[in-house]
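Student: I have a structure here, written as structure tokens, and I will follow up with some questions on it.
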Amino acid sequence: MTVLMEVKNLTTRFFTDEGTVYAVNGISYVLREGETLGVVGESGSGKSVHAMSIMGLIPSPPGKVTEGEVIFRGRDLLKLPKNQMRLVRGAEIAMIFQDPMTSLNPVLTIGRQITEALQLHLGMDRREARNRAVELLAMVGIPGAEKRIDDYPHQFSGGMRQRAMIAMGLSCNPQLLIADEATTALDVTIQAQIIDLVKRLREKLGMAMIWISHDLGVVASISDTVQVMYAGYIVERAPVNELYKDTRHPYTLGLLNSLPRLDQPDIPLIPITGSPPDMRELPTQCPFAPRCPFAVEKCWQENPPLLPVEGGHPEHLAACWVDVREARRNVNG
Ligand SMILES: Nc1ncnc2c1ncn2[C@@H]1O[C@H](COP(=O)(O)OP(=O)(O)O)[C@@H](O)[C@H]1O
Ligand SMILES: [Mg+2]
């Protein structure tokens, strides 16, 4: 498979009156064409800031991408002039958010918002754009699309608005769709419908996706590869099945243990105790050590790098000094 995007040492800080926020701390990864990457981690772990950094949307000041590269189809997005980055955002990378109301313009009809993008980016005339917009709305499962296209956002339900956002995102055939907590505000049934829809669209259109959620269950249901973030670091990364089968980071274990495991009821619960880290300090130790049930002395001295795991899948990486397999055996006796 071909590489679509390579993120290298991406580092983003916010310089606030209360101090520097170390939001994203030198993360690196490769996204392949057509791959769905899930990004999971608790609130404040840097998931959104990582995505906004890629998209060139960090508010500055107070924010700044201080280091790194985002090579997307041969160009470093972080070095593109603003006007060129705007074109990339419209046409090559689309992003959908938790609350479509913040991205949909309340005073324009749904149709107008989609057709504008089609006219601007694909040079369609009004008629072509309208036909395409109806097609897109039908494709995302909006019944009576030829009528609903003239509705305003507030006339749509939450689930329908999210579908409209997806239609808008897909209008220019992006190579990459970034979804940030796209189903978080929706109830479970609607959430499942949207995920089904996105899976079908992905198959049909062949685009890559970055699916961001604090909910590992949601992420696992859609991703090929999962990346776990903690304190602005990637602490574990693996093909989704490996992450479940052969978990190597205590934080990931904690996330998994908060999900119902009908298949393995004998695994003891290891709840994540304590509070999330203060993002205004760059840790010199493992940032998870204060909450880790397996921490040893080294964990308090050195922040472990993200490295291939021993005796595991070749694409499985973890940032942990401890052999979690052994530590769990000891705990279980
Ligand atoms: N505009 C901002 N100004 C200051 N700090 C910010 C800003 N946006 C995000 N942060 C901080 O960056 C860190 C990462 O946030 P974020 O990426 O939004 O987390 P999440 O994983 O929940 O998406 C948090 O500590 C957050 O408070
Ligand atoms: Mg977020």
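The values are calculated or read from the model by the stated rules, or taken from the named source; none is laboratory data. The structure displayed is predicted, hence computed values, not measured ones. Glycine also receives a Cβ, built like all others from the backbone with ideal geometry; neighbour counts cover every protein chain displayed.
Yes/no per residue for (1) away from ligand 2 (no atom under 16 Å from the Cβ); (2) within 16 Å of Ile178 (Cα to Cα); (3) not assigned by TED's automatic domain parsing to the domain that holds Gly169:
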| residue | (1), (2), (3) |
| --- | --- |
| Ile195 | yes, yes, yes |
| Arg202 | yes, yes, yes |
| Ala208 | yes, yes, yes |
| Ser213 | no, yes, yes |
| Asp224 | yes, yes, yes |
| Ala231 | no, no, yes |
| Asn241 | yes, no, yes |
| Thr252 | yes, no, yes |
| Leu255 | no, no, yes |
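Student: Can you tell me how many residues in the range 303-328 are assigned to a loop (DSSP other than H, G, I, E, B), free of Cβ contacts under 8 Å to residues at least 60 places away in the same chain and over 16 Å from Ile234 (Cα atoms)?
Tutor: Selection size over the range 303-328: 4.
Student: Inside the range 111-131, can you point out the residues that are surrounded by 18 or more Cβ atoms within 10 Å (Cβ to Cβ), closer than 17 Å to His154 by Cα and over 25 Å from the mean Cα position of the chain (by Cα)?
Tutor: Matches in the range 111-131: Gly111 only.
Student: Checking the conditions here, which among Met95, Met52 is under 16 Å from the mean Cα position of the chain (by Cα), at pLDDT below 95, within 16 Å of ligand 2 (Cβ to nearest atom) and not in a loop (DSSP other than H, G, I, E, B)?
Tutor: Met95
Student: Looking at (1) more than 18 Å from Pro283 (Cβ to Cβ); (2) within 13 Å of ligand 1 (Cβ to nearest atom), which one does Glu6 not meet, given that it meets all the others?
Tutor: (2)
A quick yes/no check of all residues on (1) modelled with pLDDT of 95 or more; (2) buried (at least 16 other Cβ atoms within 10 Å of the Cβ); (3) in the same structural domain as Ser157 (by TED's automatic domain parsing):
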residue	(1), (2), (3)
Thr16	yes, no, no
Leu31	yes, yes, no
Val65	yes, yes, no
Leu78	yes, yes, no
Pro81	yes, no, no
Pro100	no, yes, no
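Student: Yes or no: Arg161 charged (D, E, K, R) and crowded, with 21+ Cβ neighbours inside 10 Å? Quick ask: steps written out before the conclusion?
Tutor: On the way: charged (D, E, K, R): yes; crowded, with 21+ Cβ neighbours inside 10 Å: yes.
So Arg161 passes the test.
Student: Within the range 231-264, can you find the residues that are more than 25 Å from Val3 (Cα to Cα) and either of a type in the set (D, E, K, R) or part of a strand (DSSP E or B) (or both)?
Tutor: If the condition is that a residue be more than 25 Å from Val3 (Cα to Cα) and either of a type in the set (D, E, K, R) or part of a strand (DSSP E or B) (or both), then Lys245, Asp246, Arg248, Arg261, Asp263 are the ones that fit.
Student: Output yes when any residue across the range 169-178 is surrounded by fewer than 20 Cβ atoms within 10 Å (Cβ to Cβ), within 16 Å of ligand 1 (Cβ to nearest atom), modelled with pLDDT under 90 and part of a loop (DSSP other than H, G, I, E, B), and no when none is.
Tutor: No.
Student: Would you check if Gln191 is in a helix (DSSP H, G or I) and without any contact (Cβ under 8 Å) to a residue 40 or more places away in the chain?
Tutor: Details: in a helix (DSSP H, G or I): yes; without any contact (Cβ under 8 Å) to a residue 40 or more places away in the chain: yes.
Considered against the rule, which asks whether it is in a helix (DSSP H, G or I) and without any contact (Cβ under 8 Å) to a residue 40 or more places away in the chain, Gln191 comes out as yes.
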